[in-house]
Structure formats: structure tokens, C-alpha cells
1. What translational D, rounded to a whole number of µm²/s, comes out for region 491-608 from Stokes-Einstein when the hydrodynamic radius is the Kirkwood one over Cα pairs, at 4 °C and 1.567 mPa s?
2. What does the charge add up to near Leu161, with Lys and Arg as +1, Asp and Glu as -1, over the other residues with Cβ less than 12 Å from its Cβ?
3. State, in angstrom, two size descriptors of region 483-525 derived from its alpha carbons: Rg to one decimal place and Dmax to the nearest whole number.
4. Treating the angle as unsigned and between 0 and 90°, give the value, to the nearest 10°, between the Cα long axis of helix 668-683 and the longest Cα principal axis of the chain.
5. How large is the dipole of region 200-297 about the Cα centre if only Lys and Arg carry +1 and Asp and Glu carry -1, each at its Cβ, rounded to the nearest 20 debye?
6. Once the Cα atoms of region 413-539 are picked out, what are the Rg and Dmax in Å?
7. Give me, ordered by chain and number, the residues 5 or more places off Ser434 or on other chains with an amide H under 5 Å from its own placed amide H.
8. In nanometres, what is the gap between the two model label sites at Leu230 and Ala579, each 7 Å from Cα along Cα-to-Cβ?
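Since every read-out is calculated from the coordinates, none of them should be taken as a lab result. Predicted model, so just to flag it, every value in this text is computed and none were measured. Cβ placement follows ideal geometry from the backbone for every residue including glycine, while neighbour counts extend to all protein chains displayed.
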Amino acid sequence: MADKNGKGGHGPRCVALVGPQGSGKTTLLESMLWATGAITRKGSQAQKNTVGDASPEARERVMSVEVSTATTVFLDDHFSFLDCPGSIEFQQETLNALTGVDAAVVVAEPDPSKAALLQPLLKRLSDLGIPHFLFINKVDKAHGRIRDLLSALQPASVKPLVLRQVPIWKDGVVTGFVDLALERAFVYREHAASEVVSIPSDMTDREHEARYQMLEKLADYDDHLMEELLSDIEPPRDEIFADLARELADGLIVPVLLGSAERDNGVRRLLKALRHEVPEVARTAKRQGLEGAADDPVVQIVKTFHAAGGKLSLARVLRGILKDGATLSNSEGSEERVSGLFSMQGDKPTKIPGAGAGDLVAIGRLEKAHTGDTLAAPRAIKQLKRAEVLPPVYKMSIKAANRNDDVKLSSAISKLREEDPGIFFEQVAEMHESVLAGQGEVHLKTALARTERKFGLKLATGLPHVGYRETIRKPTEQRGRHKKQSGGHGQFGDIVIQIKPQPRGAGFEFIDKISGGVVPRQFIPSVEKGVRDYLHKGPLGFPVVDVAVTLTDGSYHSVDSSDAAFQMAARIGMTEGMANCSPVLLEPIMAVEVYTPSDHTSRINQIITGKRGQLLGFDGRPGWPGWDAVQAHIPESELQHFIIELRSATQGASTFTYKFDHLAELTGKLAEQAVANRAQAHAA
């Protein structure tokens, strides 16, 4: 593929297809592959035979759950497409893929009510400096004027939306379009190229108006074009196309095109726009931070797969020529040998001898390399920009369904996390519990299904335990005495301790007030150790916090006293004393910030208060017009399904972040239930 540059001088380019779930990205990929001859028959998601969404998990859910890739040739130019999941639960996949693309096509439905779903994606593309088009899909099902749709969508984009086509309507259905740059009209032909026709006479005024509006937006960034417009000079067509390409590449505008991927309408015009206007890989390499003009190969990994034949690293070649057998180094100098190069069409790899700048290839068996890594030959190179790693918003506990598979768990989860860096794994020693975290319930269930299929490990799941703690409300004094005689040396330890509550957040304090040597100095650390050991599980079954224990008195035996005896005496004293201190349960309270479209803020407030949350206030989300950031304190136990309720109430748009803030007393039925659940867990 290294020598397959287009006749127009363009090298291979890589384009991401992004957009909300259900907007038709996988269908658009299928249409482009069919229109360019890469496939001879179109598949559909309903029939589960598309190039994209080839995994069993995607086909079972009839939705994209990971990035799919395909390559094709259009008018001698080579393109790689990355079909990215639309569900917000799989957005980490999209972020990883975006590090290696030259441009993106944002696929949207002609529905103004879904504008808020586009804003996070459009803003992220702008923040990352990635040129992007907006493709209004399913235009055959549009209701209402496209100009009104753009008015609704414009607030979602920080860059001006530039309409490139106006629809031709017949009997309330879009039957074609007028290309404003070409000043030509096209009538759609189902599953065929559109037919050039004369601009309808009743559309002449609308075409002139829309074209002038397009040129005005382009002229905002081109003084010469502005002078031509002010002087009523018709700008040359070449100048218009040059402005469209330059302003797209510079991230100044978002061109808008229309079509129907299902009917193959408008798809070829989209491909022509991509061919003429998407910048080449050199610009992407610069955006990612690659400096210099050396010819040494540099690649960045955008996705990792574990297949039956071993590990595959999907990577964009940002510079140079990469050959099978080459040695690649990461930024720390660790070296690995390329063991196979492949072109990917969905989940089907085809072996190739080499790849050049711009190509998207799968590299075999880079065991040390991870998604996001930058690799180069023959020497190490600076790590380029990585994708942001999203904080988790949903957790579940996991364990091997068969205890004999416990040893497989860490290996399987390690491979799972290689495939999906949006998965987090934690082993909670306190509860002997393993916790998986990610972007939602569907995200984690899909990950577990993939784990079972690929690694043969079936997992049982449940709700993770809440980090409850306990403390005391009143002080007490208690003697702890351990005496045992069983022939030879016995065991003897005797102490008197005072147990007192501490202010919230003060932690544990051990105070030594022994005088007169009633407890020898060498045994005092043993007393403290015994006390600390007890604090792992108090009268209610939870770790104890915010107490002070003072050693005031005791006695010893010159022969039978020992470290172990005084540790035991301390544990006895704590066990008997703590029950008299009015123990109380503490629940963790999290500082939560919810990000939501302003139209939904009142509903979000209701959800928070329904979660026993305390509203602290809200303000406009900085840099996000039409969005709010709501601050609140919410108990950790109420957060398990919080993200599900947020997304349900806001069409999937809202999300949140959280961190521990403080502990608060919990009493009544909720406390009783928490204690009962803890006892049951310890008994299991």
C-alpha cells in the first residue's frame, strides 16, 4: 500500500465516522464501500452481514460496540474509514480512534430535538483540531426545512455550519439537491449515482440566497473573497473550492452535506468532498505533535485486538515506510519486532508486505505495545498526544463463575483492558472483591460477553460493596485481660484503655499514658498493634474511624507476658469496650458534578434529591453554551444506577464526575440493611 498514492497527488487518508447512536454510521460505511466497489453486495445491520459491526457482541445488540475499520479506493485515492460507536457508553473507543484520523464525518439525523446529542462530539472535535463535516443522513425522512434544522444544530457547534447543498423537495419528500459550490442540481436515484438536472425554476431564488450565505461564511476568513462579494464580482469556482478545503483543514468551518445512506443518496458527493478537501497525513502528524521531516517510520496505535491468531495493533502510519519484520521502539526505548502487517476489512485481515505514510494497518504481535503508544524505527521517539481517558461512571463486582478459573481472571482482564482502555479494574482487599468500572451497564456487560467469548472465562457479577465505615458516639473505659496457662510458659497481658470519639475526619490516634512501668515499654507497640488490628472490623462489621484510644494502666508477668499476649489483650479490650460506645454507621458522601443541557436541569435536580442528594448549586458549564454544571453531595450507595437515570432523562446527553468528600452518619432502616448485608457478605 505504500506506493498507492492517488493520481491527484493525495496520499492515503483516514476518516472517522462518528455521531449519535442510530444516526446510520455503519450503514454509511456500507454504502461508501459499495459505491466504490470495495464490496459487491450491501449488507445491513438487521441482517447482521455488514463489514462494520462484525463482532458477535455488536450483532447481538444491533449497535456498534467497538471501532470497525475498512479501506477502499475512490477515483484512485485510498481511504481508510473508522466506524466509531455512537453510544456514549463506548465513547472511549471513539476518542482512541480520533488520534489517528485526518478528518471526521459527523453523521446526524434530520431531527432538531437531537441537537444536544451532537454537542459533546462536535466540541471535542473542535478542541482536538480535527477537521469535520456534518452529514445529515436519512434526509428522505426529513420533516421541515433544512435551514431550520441547521438553526437548531448551530448552537451545538462552536464552529459555523456551512450548508453546501440545499434540498429539492417534491410532494413533501427530498428528491435531490442543489450543490451550492458547483451550482448544479442533482436528482437522487435509488442505489445509483445521482442524475444531473437543471436547477428547478422555483428554486432559483433559494439557491442564490443559500449560495450567498455560504460565500459570506467563507469570506469571514478570506479578505479577497470578501472584496469580491462587496464588489458584486462572481468568485471563480476554483477559488471557492480552495477556500472550502483550506477552511475545513484549518478547523474554521463545518461543511454540511445531505443524503440517505440506506438509499445510497448523496454518498458519492460526500466521497468527492472527502477526496478534494480532507488534508493529508502530514498535517495530522503535525497536529499530533510529530516534529521533523525524517523518513523513519512512525506509527500510533489506535486500537488493540486479541484475535485467535494473537494480538493485533491497529495503527496509523504517520510517516515513512513500514515493512514486515521491522523493529519498532516506544518512547522509553523498549523494542519489538513487527510480526506481520495486515490490511483490515471489518474483522478480516489481509497480509501485506509494507505500508506507507497515511496507511492504516494492523501490526501483528506487539506484545508490549498498548493503545495510544507511539512507535518508531530505528530509534525511540517522543510519545505523541494520547486520547483522553474518561473517568468511570458505573461499577460492578466480578468473580469467576467457576472458582477453578480464579487464576485466569487477572490475565483475561489484562487483555480486556488492552482492547478497551476505558475499562478499569480494582481489587478491593477489604471485601476480597474485584470491581470492574466503565461508562455504563451496557459497556461492562459487553466487555464481559467478550471476555467469555475470547478468553473462555465466564464471570458472575453483582453490585459492588459501598465503602461504609463506623465510629462511636460516646467514650468508655475498658480492661482487656488475656491469661492462658497450658504447661510451661503461659500467656499474660493486662491493659486498661480509654476509648473516645474523635472529630469527623480526624482519624485514629493512639496515646500512651503508662507510668511506673505497669506495662513494660517493649509491649506498648504490641498494644497499639492489637488495637489497630481490631479497627478493621468494628461492632457493626465495618472499619472503624475517628477514635482515640489511650492506654492508661495494666499489669504484666515477668515470664508469661509477650508481644502476642498484649496484642490479644488489646483486641479483647477493644471488642468489649466498643460495644459500649454507641457505635454508629457512616456512609461515604461523594462530591458530584453533573453536566447537562440546560433544558434538563430541573429534571436533573429532581433526580438528585430523589437520591438523598443535597443540591449545592449550578452554573453554566464553561465553554458549553446551553449547558449547566450542577454540584451536589450524594451518598455513594445512591450512585450505582445514577448514570442510567441521567441518560434516560436526557436522551443520553448528561454525564457526571464524582470524588469522595466526607462521611456522614446513617441511621434507621438503611443502616440496618447495610449492616445485615455486611454480615451476610462476611458469612459467604
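1. Estimated via Stokes-Einstein, D reaches 78 µm²/s.
2. +4
3. Every Cα atom of region 483-525 included, Rg and Dmax give 15.1, 47 Å.
4. In the chain, helix 668-683 runs at an angle near 80 degrees to the longest axis.
5. 620 debye
6. 23.7, 69
7. Ile398, Val428
8. 9.1 nm
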